[in-house]
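The values are calculated or read from the model by the stated rules, or taken from the named source; none is laboratory data. Since the model is a prediction, treat every value here as computed from it, not as a measurement. Cβ: placed from backbone, ideal geometry, glycine included. Neighbour counts: every protein chain shown.
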Amino acid sequence: MRSTMQDVPLTVTRIMTYGTTVHGSSEVVTWTGDGVRRATYAQVGERAARLASALRGLGVTGDQRVATLMWNNQEHLEAYLAVPSMGAVLHTLNLRLPADQLAYIVNHAEDSVILVNGSLVPLLAAILPRCPTVEHVVVAGEGDISPLAAAGKPVHSYEELLAAAGPRFDWPELDERDAAAMCYTSGTTGNPKGVVYSHRSTYLHTMQMCMGDALGLRQDDRVLPVVPMFHANAWGLPYAGLMVGSSLLMPDRFLQPEPLARLIESQRATVVAGVPTIWNALLNHLDQHPVDLSSLRLGVTGGAPCPSAVMKAFHERHGLFLLQAWGMTETSPLGSAARPPAGVPEESEDYWRYRVTAGRLVCGVEGRLVGPAGEVVPNDGESVGELEVRGPWITGSYYREDPSPEKFDDGWLRTGDVGTLTPDGFFTITDRAKDVIKSGGEWISSVELENHLMAHPAVLEAAVVGVPDEKWDERPLATVVIREGHDVGLEELREFLAQRVARWQVPERWAVIPEVPKTSVGKFDKKVIRQQYADGVLDVKLTGRAPDRKE
């Protein structure tokens, strides 16, 4: 028996048309450094139609890839709406990748048009001669376009194209399984991998983002996505904002703590989303420069485990609920959100035990743990394994690549995150599979050591990696960044850690560094630290010794 329901495709077009009409008075606010520029959703909808018309005129007539090399701003949102809705594929380029990787991505995706902010023209100019598939470049905003001339490709003004185009566009009826957008992984091992999102997966993911046990966005929210729009589509926040009518506050290129704090205060942000390094830097700024955060009701952190000390500091000093979520480029990205179960008393030990997990897997994401021998282990909150997931917004392969057993396991995505899973769906990350430290046959969680170290008032950042050891195969090396104005000895930090973990897990190798290296999406780049150690670059101090296991 079949249903009697209408078969209406779930497409980005429907999110766009709903948001720009029903919620036409909501606004997009783009920070300029010393003020803002505003546009209503209705105005953005008209400009998206003009952009689609302009791209048709440039030869985008099918599913060509239209790339964006842009900050979080109004023009980028217009591309988010126009490109998928006209039947083309939006390809967001990570502006923080090395030039060689950026060129590889453009060529691998076969981008035909690139939209670029004027301030990023030099970055594009450095790779454009190596990108034969690119036929047109469109520049939005102020900037010197002369460096692009060497590539011999037509260069257009974004605003001039829109002004010449008609204000209406005949949006085609699309197959919901067609590609809407694509992102590439950050390429920490080998070349970046392409993930292609469908209209259907994007629509379903957007609905889940808005649900109460996820972000619970509302029409009266003012959402500030600090997470870049090139990083897993800004975690889906632009589409979620359109779906429920939340206004969007765009930081453009002003991502330092001081301008972010001014943007939050002046524009009365209610929801802010960023990676842990952003939250840590913002907390440090707020401790020295008081700012009115009374408008905020929710902070969202993801991309890497957030130190519990940072979450508790925002809770205690600023009254802000910092929601930890987990996901990947491959999962669109939302996979879980750490809201404690109903009935758990706030401030209780259980409350915080739930808060610092990666969260409960959301409806639509099915998870299992797989042990080192490939066996499925119980979801009992104690057994440890690598998390594998599947669901309607999780990729089943990489673009132009066959599914490999290293990443895909009989229809499941291997996440590379190691941890425990409770019967009620809460996932606790103990480490990345590539970062777990195996010392004398026992595992040491680098994440746990980092969280404890960053709970020390003198420690701003801490990253722990495994390094070779003659006796134990591997031992932890702790690298720490000391807060400005603080003075702490390594012996004190060692003893601080020894009171919180088994003594045999405490590192005897330590290094004080000015800053933890970061990846292009703001995560700790541990491969750089390992290489610095191997090259003898780090000033490593030995404190204590590695205890025997019986100690």
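Would you say His486 is in a loop (DSSP other than H, G, I, E, B) and buried (at least 18 other Cβ atoms within 10 Å of the Cβ)?
No.
State yes or no: is Pro84 more than 16 Å from Gly194 (Cα to Cα), assigned by TED's automatic domain parsing to the domain that holds Tyr158 and modelled with pLDDT under 95?
Against the criterion (more than 16 Å from Gly194 (Cα to Cα), assigned by TED's automatic domain parsing to the domain that holds Tyr158 and modelled with pLDDT under 95), Pro84 does not qualify.
Among the residues of the stretch 426-460, which ones are in a loop (DSSP other than H, G, I, E, B) and within 22 Å of the chain's Cα centre (by Cα)?
Ala433, Lys434, Asp435, Val436, Met454
Scan (1) surrounded by 15 or more Cβ atoms within 10 Å (Cβ to Cβ); (2) outside any strand (DSSP E or B) for the single condition Leu477 breaks and write down its number.
(2)
For the stretch 491-515, what are the residues that are among the hydrophobic types (A, V, I, L, M, F, W, C) and surrounded by 14 or more Cβ atoms within 10 Å (Cβ to Cβ)?
Answer for the stretch 491-515, where residues must be among the hydrophobic types (A, V, I, L, M, F, W, C) and surrounded by 14 or more Cβ atoms within 10 Å (Cβ to Cβ): Leu493, Phe496, Leu497, Ala498, Val501, Trp504, Val506, Trp510, Ala511, Val512, Ile513.
Looking only at residues in the stretch 156-214 that are hydroxyl-bearing (Ser, Thr, Tyr), part of a loop (DSSP other than H, G, I, E, B) and out of contact with any His (no Cβ under 9 Å at 6 or more places or on another chain), which one is farthest from Met229 (Cα to Cα)?
If we take residues in the stretch 156-214 being hydroxyl-bearing (Ser, Thr, Tyr), part of a loop (DSSP other than H, G, I, E, B) and out of contact with any His (no Cβ under 9 Å at 6 or more places or on another chain), then Thr189 is farthest from Met229 (Cα to Cα).
Select, from Gly440, Gly425, the only residue that is on the phi > 0 side of the Ramachandran plot and in contact with a strand residue (DSSP E or B) (Cβ under 6 Å, 6 or more places away or on another chain).
Within the list Gly440, Gly425, the selection yields Gly425.
Can you tell me which of (1) under 30 Å from Ala462 (Cβ atoms); (2) charged (D, E, K, R); (3) touching a residue at least 60 places away in the same chain (Cβ under 8 Å) is the one Glu265 doesn't meet?
In the conditions (1) under 30 Å from Ala462 (Cβ atoms); (2) charged (D, E, K, R); (3) touching a residue at least 60 places away in the same chain (Cβ under 8 Å), Glu265 misses (3) alone.
Within the stretch 471-478, can one find any residue that is in contact with a Pro (Cβ under 9 Å, 6 or more places away or on another chain) and at pLDDT below 90?
So in the stretch 471-478, the residues in contact with a Pro (Cβ under 9 Å, 6 or more places away or on another chain) come out as 474-478.
Retained after the next criterion (residues that are at pLDDT below 90): 474.
Yes - at least one qualifying residue is present in the stretch 471-478.
Restricting the search to the stretch 93-145, which residues are under 25 Å from Arg50 (Cβ atoms) and among the small types (Gly, Ala, Ser)?
If the condition is that a residue be under 25 Å from Arg50 (Cβ atoms) and among the small types (Gly, Ala, Ser), then Ala109, Ser112, Gly118, Ser119, Ala140, Gly141, Gly143 are the ones that fit.
Suppose the filter is part of a strand (DSSP E or B) and either among the hydrophobic types (A, V, I, L, M, F, W, C) or touching a Gly at 6+ places or on another chain (Cβ under 7 Å) (or both); does Leu387 pass it?
yes
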